[in-house]
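This report concerns only the one structure given below.
The values are calculated or read from the model by the stated rules, or taken from the named source; none is laboratory data. Not measured: the values here are computed from a predicted model. Reconstructed Cβ throughout: ideal geometry from the backbone, glycine too, with neighbour counts over all protein chains shown.
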Amino acid sequence: YVNGRFRYASIPSAAAPRANSSLRLTQHQRRPEFPPVQWNMYDATLQDKDRMNNTYEGWSTDFQKLVSHAHPSILRLTECLQQNQPLDATALTQAQRGEPTVKRVRKTTLRLQSRLRNICEGLHIHQDLPRLLELVGDCIRF
């Protein structure tokens with residue numbers, strides 16, 4: 001999953017004989033698109049930091065609603081950035097004054113964070129990775 005083999009379908013070329021016109025599967029060695037350092041959330045869990053990029057996703061969603069077009073023109077994009085700028089300036093001014101925006105955190109999120117932190121801290125004690133993965137899997141809800 002991190003650095004294994006990936007399969008790619010290769011289409012036969014026009015010069016290839018018609019009798020063998022099926023797709024061939026070839027294997028290529030490929031580096032991971034995102035290195036484990038980038039997506040590993042173990043340290044963030046132990047330090048009670050955010051494990052997701054919801055802040056950026058939220059800004060992107062709000063901006064997409066503001067633009068309200070799938071493929072906006074440069075003029076429309078500029079207008080939307082100008083409309084969004086005062087909100088960002090206000091948040092920056094509040095942060096400089098020492099009044100950071102209050103982030104609403106649900107109780108279920110706090111409970112999950114606490115459970116995951118306890119599980120990760122238990123790894124240092126027990127050194128049992130398969131059991132750790134099983135416990136983390138038990139925390140996942142569908």
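With respect to Trp39, is the statement that it is among the hydrophobic types (A, V, I, L, M, F, W, C), within 20 Å of the chain's Cα centre (by Cα) and under 24 Å from Leu133 (Cβ atoms) true? Answer is yes for this residue. Within the stretch 90-104, residues that are closer than 15 Å to Thr55 by Cα reach partners that are exposed (fewer than 10 other Cβ atoms within 10 Å of the Cβ) with beta carbons closer than 8 Å, at six or more positions or on different chains, in the pairs Ala91/Thr101.
Could you tell me whether Phe34 is surrounded by 11 or more Cβ atoms within 10 Å (Cβ to Cβ) and aromatic (Phe, Trp, Tyr)?
no
Residue under question is Arg117, and the condition is that it be in contact (Cβ under 8 Å) with a residue 40 or more places away in the chain and either more than 22 Å from the chain's Cα centre (by Cα) or within 30 Å of Asn40 (Cβ to Cβ) (or both); does it hold? When the stated conditions are applied, Arg117 passes them.
Looking across the stretch 66-82, the residues that are at pLDDT below 90 and closer than 29 Å to Arg104 by Cβ come down to Leu66, Val67, Ser68.
Taking the criterion of being surrounded by 11 or more Cβ atoms within 10 Å (Cβ to Cβ) and of a type in the set (S, T, N, Q), the residues of the stretch 41-54 that qualify are Thr45, Asn54. Within the stretch 105-121, the residues that satisfy the criterion of being surrounded by 11 or more Cβ atoms within 10 Å (Cβ to Cβ) and of a type in the set (A, V, I, L, M) are Leu110, Leu112, Leu116, Ile119. Checked against (1) of a type outside the set (S, T, N, Q); (2) assigned to a loop (DSSP other than H, G, I, E, B); (3) without any contact (Cβ under 8 Å) to a residue 40 or more places away in the chain, Asp48 passes all but condition (3).
Among the residues that make up the stretch 71-85, is at least one of them among the small types (Gly, Ala, Ser), outside any helix (DSSP H, G or I) and either in contact with an Asp or Glu (Cβ under 7 Å, 6 or more places away or on another chain) or exposed (fewer than 12 other Cβ atoms within 10 Å of the Cβ) (or both)?
Yes, because at least one residue in the stretch 71-85 is among the small types (Gly, Ala, Ser), outside any helix (DSSP H, G or I) and either in contact with an Asp or Glu (Cβ under 7 Å, 6 or more places away or on another chain) or exposed (fewer than 12 other Cβ atoms within 10 Å of the Cβ) (or both).
Listed conditions (1) exposed (fewer than 10 other Cβ atoms within 10 Å of the Cβ); (2) under 24 Å from the mean Cα position of the chain (by Cα); (3) closer than 23 Å to Asn40 by Cβ are all met by His124, apart from (2).
Residues of the stretch 40-78 that are of a type outside the set (Lys, Arg) and either in contact with a strand residue (DSSP E or B) (Cβ under 6 Å, 6 or more places away or on another chain) or under 30 Å from Ile125 (Cβ atoms) (or both): Asn40, Met41, Tyr42, Asp43, Ala44, Thr45, Leu46, Gln47, Asp48, Asp50, Met52.
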